[in-house]
Amino acid sequence: MIWNEARECMSRDELMTLQGERLVQLVKKVYHSVAYYRKKMQKEGLEPGDIRRIEDLSKLPFTTSEDLIQNGPFEFLAVPQSEIIRYHSSNATTGTELIIGCTRDDIEIWAECVARCIYMAGLGRNDTIQIAHNYGLFTGGLGAHYGAEKIGAAVVPSSTCSTDRLIKIMKEIHVTGIMCTPSYLLHIAKAIRNVREVGNLKLRAAICGMEIWPEKMRKEIEEMLGICTHDVYGLSEFAGLGVACDCEYHKGLHVQEDFFAAEVLRKNSNILVKDGEKGELVFTTLQREGTPLLRYRTGDIAALTREQCGCGRTTARIDLFGSKTNDTIVIRGVSVFRLQLESMFAGINDVHARYLMRIYRTAGLDMVDVMVGLDETQELLLAQEKDFVKIKVTAAVRNLIGVTPNVLFANTEEIARMARGVSTVVDERSYR
Ligand SMILES: [Zn+2]
């Protein structure tokens, strides 16, 4: 099933012509309305007239998350504030808010991208799709919701409600598709199996993303629920999920290239790699109005292929390698990505708490504390079960990094204070 055949299956030549036309318009716009880009282009002796086709993309300056954070949300706005109809934000790795503004057309394009992804997963207007992403500043819930409504599916905006309730609704109204983070789906799958409800469900496909998702985890979910799963890619900086998704062939994620021009750079350099080679993924938002971004360095490691896919789509595909260029932590010689740690904590069943991992060094040896933050209600509920929680957290950490942590309990305010704005990991070794 292809949602927008005219765009998703156009010839590569036509697509490059379209990308070129959009790039020319984009560069004119940001040059005249975003002082940040005008200054950067002037510094490199570039004028809008120097950009005439998509091949000229490589002449343009890069943008990084640090640029967005340091300059603030208004510096990158390419339209008057009155045209912004929504702001979204993500907690960047450093804990700083990264805010983007969306116009009405930006929201429409976002819905279009998600609609294409939903069709890639084989879901359509006759399906009932449960959105179990968090609704709010995070760019998962609302994006998924608008996309599902656009295709005419029946949408169930359950967000991240209690798992029991979510499963009950899933069963009662014959939900056939679900969109959420993979770690949350794994949690749901385990809960469904515990109550022996798998056979009573109509669920047949899931679209998951916004966090690292190893192949092993995908298989585990598919086997537990007897469904197909699809990986969706997106960054809050581009208004969230829907930038790319994998079709039924699962040979990489199709990029919505009429909206996002993709490049891959050799790691820690500005040199483009050949198709099929790994490097840092870079995107230019060809049609964004509110916060357009030129050559945004995502930090994600990926390889790009432009070979046509068996599904008939001609758009380039990305293979994601689940890593960031700058986001690795090494603990006693074992490399681990921050997002892997976050996924691990998200995947600990039955214990919904705020977690904080503190890494420090004693007598030259890396040590790990895990703080489990509980609010007053949880304190009461878990008073009898703290040993059980300790065993569970210890096992999860040991499995991932091979280190036995000290597990400590604290209230959520204490955890927030210790986190100093960082989401999950405080690495104190770098401060000594
Ligand atoms: Zn395909």
Carbon and sulfur %, accessible surface of the chain computed with the full protein complex present, 1.4 Å: 48 percent
Separation in nanometres of the label points that stand 7 Å from Cα toward Cβ, at ARG12 and ASP319: 1.7 nm
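Which entries of LYS43/LYS150; LYS168/LYS392; LYS202/LYS390; LYS28/LYS251; LYS43/LYS251 have Cα-Cα distances beyond 31 Å here?
Numbers: LYS43/LYS150 43 Å; LYS168/LYS392 26 Å; LYS202/LYS390 36 Å; LYS28/LYS251 36 Å; LYS43/LYS251 41 Å.
From LYS43/LYS150; LYS168/LYS392; LYS202/LYS390; LYS28/LYS251; LYS43/LYS251, over 31 Å: LYS43/LYS150; LYS202/LYS390; LYS28/LYS251; LYS43/LYS251.
Using a Förster radius of 56 Å, what is the FRET efficiency between ILE271 and LYS216 based on their Cβ-Cβ separation? Nearest 0.05, please. Write down the numbers at each step before the final one.
On the way: r = 33 Å, r/R0 = 0.59.
Calculated value: 0.95.
Keeping all protein chains in place and using 1.4 angstrom, which order do TRP3, TRP213 fall into by accessible surface area, from largest down? Could the numbers behind the result be given before it?
Numbers: TRP3 75, TRP213 30 Å².
Accessible-area ranking of TRP3, TRP213, largest first: TRP3, TRP213.
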Helix axis angle, 182-194 relative to the chain longest principal axis, alpha carbon, degrees: 40 degrees
Net charge of Cβ neighbours under 14 Å - reference VAL198; Lys, Arg +1; Asp, Glu -1: +2
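Quick one: net charge of ALA111's neighbours, Cβ under 9 Å, K/R +1, D/E -1?
Numbers: positive: LYS150; negative: GLU108, GLU112, GLU149.
Counting the neighbours of ALA111, the net charge comes to -2.
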CD proxy at 222 nm, helix term only [per DSSP H run n ≥ 4: -39500 (n - 2.57); per residue of the chain; nearest 500]: -10000 deg cm²/dmol
Å² per residue, accessible surface of the chain at 1.4 Å: 45 Å²
Spacing of the two label points (7 Å from each Cα toward its C-beta) at MET1 and GLU47, in nm: 5.1 nm
Highest to lowest packing among 278-290, 386-398, 56-68, scored as the average C-beta count within 10 Å: 278-290, 56-68, 386-398
Estimated distance in nm for a label pair at TYR36 and LEU408, the labels positioned 7 Å out from Cα along Cα-to-Cβ: 3.8 nm
Expected-Rg normalisation [2.2 N^0.38 Å, Cα atoms] applied to the chain: 1.01
Chain lengthening between MET418 and GLN70 when straightened (0.36 nm per residue, less Cα-Cα): 122.9 nm
Translational diffusion coefficient (Stokes-Einstein; Kirkwood radius from C-alpha pairs) of region 1-159 at 37 °C, 0.692 mPa s, in µm²/s: 182 µm²/s
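The values are calculated or read from the model by the stated rules, or taken from the named source; none is laboratory data. Everything numeric in this text was worked out from a predicted model, so none of it was measured. Cβ coordinates were reconstructed from backbone atoms using ideal geometry, including for glycine residues, and neighbour counts include every protein chain displayed. With ligands, DNA and RNA removed, areas are computed over all heavy atoms of the protein, side chains included. Shrake-Rupley method; radii C 1.70, N 1.55, O 1.52, S 1.80 Å.
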